[in-house]
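The values are calculated or read from the model by the stated rules, or taken from the named source; none is laboratory data. All figures in this text were calculated on a predicted structure; none of them were measured in a lab. Cβ: placed from backbone, ideal geometry, glycine included. Neighbour counts: every protein chain shown. Quick note on the areas: whole protein, heavy atoms, side chains included, nothing else; ligands and nucleic acids left out. Shrake-Rupley method; radii C 1.70, N 1.55, O 1.52, S 1.80 Å.
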Amino acid sequence: MELYPFQIEAAESLADRTIAYVSNPVIIHRSAQSTRIPFVQFLSSITASGKTLVLAEAVTLIAKQLPVPPAILWLSKGTVVVEQTFANLDIGGMYHELLQATAVRLLGKLDADELAALDEAFLFFATTGTFNRGDKTFLKVHSSSLDEAGGTTLWEELKRRPSANGYRRPLVVTYDEAHNLSDQQTELLLELEPDAFLLATATARMPARFNTEVVQKLKTLAGYIDEGLATSVEALEVAGTGLIKKELELIGRQAPTQTVITEMLQSLDAIAEDAAAQGLPGQPKAVYICKTNVVEGSDEKDNPNQPFAQREAPPILIWRHLVETLGVDPADIAVYANLTVKKDFPVPEEFVLFSGGEKDYDRFVAGDYRHVIFNKSLQEGWDEPLLYLAYIDKSMGSRVETEQVIGRLLRQPGRMQYPSQRLNRAEIWVRVESAGVFSDVVDEVQRKIKTDNVPVTFVKTPPGAKPKTDYPPTVECFVPYVAVKTDYAEERIAEHLRTLQNYLGRIDEDTTGVGRRTRVQRQIGSNDEPAYEWEEIGESARVTVRWLYGREVRRIHPGALGVSITSNPDGTPSKFDALVGLGSNAAVHVADIAAKVGHDFVDRVYLKLRKANPYRVGPILQSEDGLEPFSNAVHTGYSGLNTSLELPFARVLDRSGHPWARNPSQSGYRIPLVQPGKTTNFFPDFLVWKDEEVYALDTKGSHLHQDAMRKLVSIKPADGLATRLFVRFVSNGAVDEAGPQPDSSGFTAWKFLPNGAREFVHVDTMDEALRACLTPDL
């Protein structure tokens, strides 16, 4: 599992801050008792950013740096969420490799003898349910009850949490939906005397008890401020990775349910056609959210004591329209709702109903349904990247909240953007009674996007307006793709790896790390009445050279790992399997080699055109409103161009007489980037064809100088291919290598000199800037 740079950065922030505090915690001494104030780190990150991965990497980093292997209690509100996370992190799960030397268990499987016998970290999963002060059975997942076990409750064993060397294990509590944290939960969790909390939540607003006992004490006694207690992931970094869809269109309709759904399915068919052509990993899906046991269009109760064909409940009417009118296979439809069904009036055999909530979840997911009808809310934990469309009925005062659907639609299948714009966006179809209701829904969605800092383009299509449609190209135009070539870097990297020392089997002063002095507790009382005393120990954890090398290389460029040979061809242990202590001389040596590898990779890889299978300019999805026609463009016109630079420059391009096209962001032609940064690909604004050359042109405000410098790249031609590709920028005002200059007049064309150095040509007009751009490099 390869983490993105922003995920690694967030995990290291959580871990480094936690370790720094745990090594020197705030301890309050009262009489003969000492109370340690636990630390807290809030993780703020948007939906689909991989919070589970970040938390898993963080607890792994914490475990590696603590002198005593910790116990981690991983909590979630919903059983479904806990089951999914447990399956992903347990042995055989897709994320398990992140948890090096960590045993994964359900809380009900906690065994004090196993804790005391194994010298490794333990990760326990549980779900929060009922919270009664005198009843600690709130932590349940499958067999994770807290009943008496061998005369001692699991709760007491978790409080004692012995380690193999007689110390009390540090306890880290991880809660992946911490906005659900309550005062009762806080009180019960504090009884465990945890060392730290890692809380994933979009807000640092906590219940009063947690705020008083943890947050305020860290501020008053340790001098922390809010920024020191929170790690935030920048939403734009997530958007640049392809993890989320880039556009959300809200489409309002004042029409009967059946009419709205018919139109929506036309859109689903178009998405499915593109998905099949571009290798999407599965079939696009749609959800329908409505009220359940009422008559369509009113609050009157639907009568279940009548034949199925006579019932008027919205889930039934939607199902019948899909099957009987639109020809959808009933096997592709699931009704996940508490629909009332009477024994004397059963539903048809082909009507797939899941009315048991979480108890039905596994069967529901196994069905892989394309159409899912929900009642008012979606099942917590159902995170489906293939979900593209949602129908919401806001008629007759429906209390269905549109905003709850946004997070479910954002996930992107395949963790990548596709050439088809339809595959990088989602649509919410809203049935409303009036334009005023649609305006309210627009405000609701905009508030959600702003509050959660979601980096998505929001498009609103009011009732009566046409949704975005495809505009096909009028001529065929191609551009060779760009490849990252590593041949010039491979030998240098191999030479660095040959100089890496072999520490296999060594336990000496070079491989033993002296960690920071950390205060830990040793049990001095009996198991029935345990008491603890504080000790300071400082030996660091031992990690594999492979793990340490990989972590250090990723800090510079993860691509270097792709050309690093770290295993022996015969499968025998290599020097990368050696164990070294963090902070040891060996660890310093490994980090030094990794830095050389990373920097040489960045300096020695280069970009080169590929000869085969070029990019073909395809249809562009856009609104009719504001569409400006062009004479020489590949498409009949374009909408959505910003008026500051893009639209004026497009008009200049059209006057030049050369064929040109607007390049859709995140789904059009892309150029890979080698220099480290927050994005890995560059999507130029425009493509221009002149003679044998193609020019990738981008308009960029002069204040975005650093971003443009990283993207102004030189690309070698493909062997045996006449076509060449040149990257150019046009900025407002005077710009040079150092950045924007005082002269704000005119425009600057960015290009290359014959010696490969950047050239900045300051001119008076956009026409002159374009002429400077459309000159090939020598």
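Given the structure, is Ser731 open to solvent by less than 20 Å² (accessible area, probe 1.4 Å) and either in contact with a Lys or Arg (Cβ under 7 Å, 6 or more places away or on another chain) or in a helix (DSSP H, G or I) (or both)? Spell out how you get there, then give the answer.
On the way: open to solvent by less than 20 Å² (accessible area, probe 1.4 Å): yes; either in contact with a Lys or Arg (Cβ under 7 Å, 6 or more places away or on another chain) or in a helix (DSSP H, G or I) (or both): yes.
Spelling it out, Ser731 is indeed open to solvent by less than 20 Å² (accessible area, probe 1.4 Å) and either in contact with a Lys or Arg (Cβ under 7 Å, 6 or more places away or on another chain) or in a helix (DSSP H, G or I) (or both).
Filter the stretch 9-31 for residues that are open to solvent by less than 20 Å² (accessible area, probe 1.4 Å) and touching a residue at least 60 places away in the same chain (Cβ under 8 Å) and give the result. Give the steps one after another, and end with the answer.
Within the stretch 9-31, the subset open to solvent by less than 20 Å² (accessible area, probe 1.4 Å) is 10-11, 14-15, 18-19, 21-23, 25.
Correct list: Ala10, Leu14, Thr18, Ile19, Tyr21, Val22, Ser23, Pro25.
The requirement of being more than 25 Å from Thr47 (Cβ to Cβ) and modelled with pLDDT under 90 is fulfilled somewhere in the stretch 175-183, by at least one residue. Looking at (1) closer than 30 Å to Thr52 by Cβ; (2) outside the structural domain of Ala20 (by TED's automatic domain parsing); (3) at pLDDT below 95, which is the one condition that is false for Pro284? Unmet condition: (3). For Tyr4, indicate whether it is surrounded by 18 or more Cβ atoms within 10 Å (Cβ to Cβ) and in contact with a strand residue (DSSP E or B) (Cβ under 9 Å, 6 or more places away or on another chain). Answer is no for this residue.
This table checks each residue for (1) open to solvent by 20 Å² or more (accessible area, probe 1.4 Å); (2) in the same structural domain as Lys690 (by TED's automatic domain parsing).
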site	(1), (2)
Ala595	yes, no
Gly598	no, no
Pro614	yes, yes
Val617	no, yes
Pro629	yes, yes
Asn632	yes, yes
Ser644	yes, yes
Pro648	yes, yes
Arg651	yes, yes
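Has the stretch 249-257 got any residue that is over 16 Å from Ala426 (Cβ atoms), among the basic types (Lys, Arg) and open to solvent by less than 30 Å² (accessible area, probe 1.4 Å)? Outline the logic, then answer.
Our first condition is that a residue be over 16 Å from Ala426 (Cβ atoms); within the stretch 249-257, this holds for 253-257.
Within this subset, residues satisfying the condition of being among the basic types (Lys, Arg) are 253.
Now drop any that are not open to solvent by less than 30 Å² (accessible area, probe 1.4 Å), which leaves 253.
Yes - at least one qualifying residue is present in the stretch 249-257.
Scan the stretch 737-778 for residues that are in contact with a helix residue (DSSP H, G or I) (Cβ under 6 Å, 6 or more places away or on another chain) and part of a helix (DSSP H, G or I) and report the count. Number of matching residues: 3. Of the residues making up the stretch 459-474, those that are surrounded by fewer than 16 Cβ atoms within 10 Å (Cβ to Cβ) and either modelled with pLDDT of 95 or more or not aliphatic (A, V, I, L, M) (or both) number 7. So for the stretch 610-625 (the condition being under 29 Å from the mean Cα position of the chain (by Cα) and among the small types (Gly, Ala, Ser)), does at least one residue qualify? Yes: the stretch 610-625 contains one or more residues that are under 29 Å from the mean Cα position of the chain (by Cα) and among the small types (Gly, Ala, Ser). Considering Leu339, Leu326, Leu317, the condition of being open to solvent by less than 50 Å² (accessible area, probe 1.4 Å), in contact (Cβ under 8 Å) with a residue 60 or more places away in the chain and among the aliphatic types (A, V, I, L, M) is satisfied by Leu317 alone.
Which residue out of Phe374, Phe364 is part of a strand (DSSP E or B) and in contact (Cβ under 8 Å) with a residue 24 or more places away in the chain? Don't jump to the end; show me each part of the working.
Details: Phe364 fails: part of a strand (DSSP E or B).
None of the other options fit; the residue is Phe374.
Being touching a Leu at 6+ places or on another chain (Cβ under 7 Å), within 27 Å of Ser667 (Cβ to Cβ) and not in a strand (DSSP E or B) is a description that does not apply to Asp269. Every condition in (1) touching a Cys at 6+ places or on another chain (Cβ under 6 Å); (2) within 30 Å of His557 (Cα to Cα) is met by Val605 except one, and the failing one is (1).
Pick from Asp691, Asp777, Asp767: which is among the charged types (D, E, K, R) and under 21 Å from Ser644 (Cβ atoms)? Give the steps one after another, and end with the answer.
Working: Asp691 fails: under 21 Å from Ser644 (Cβ atoms); Asp777 fails: under 21 Å from Ser644 (Cβ atoms).
The conditions single out Asp767.
Every residue, every condition in (1) in contact with a His (Cβ under 8 Å, 6 or more places away or on another chain); (2) modelled with pLDDT of 90 or more; (3) more than 14 Å from Phe752 (Cβ to Cβ); (4) assigned to a helix (DSSP H, G or I), yes or no:
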| position | (1), (2), (3), (4) |
| --- | --- |
| Gly668 | no, yes, yes, no |
| Gln675 | no, no, yes, no |
| Pro684 | no, yes, yes, no |
| Asp698 | no, yes, yes, no |
| His703 | no, no, yes, yes |
| Ala708 | no, no, no, yes |
| Asp719 | no, yes, yes, no |
| Leu725 | no, yes, no, no |
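Scanning the stretch 663-706 for residues that are among the charged types (D, E, K, R), open to solvent by 40 Å² or more (accessible area, probe 1.4 Å) and in contact (Cβ under 8 Å) with a residue 12 or more places away in the chain returns Arg670, Lys678, Lys690, Glu692. Among Gln266, Gln310, Gln283, Gln278, which is free of Cβ contacts under 8 Å to residues at least 60 places away in the same chain, out of contact with any helix residue (DSSP H, G or I) (no Cβ under 6 Å at 6 or more places or on another chain), open to solvent by 60 Å² or more (accessible area, probe 1.4 Å) and under 21 Å from Leu387 (Cα atoms)? None of the other options fit; the residue is Gln266. Considering the stretch 407-421, the residues that are closer than 14 Å to Asp452 by Cβ and modelled with pLDDT under 85 include one that is most open to solvent (accessible area, probe 1.4 Å), namely Arg408.
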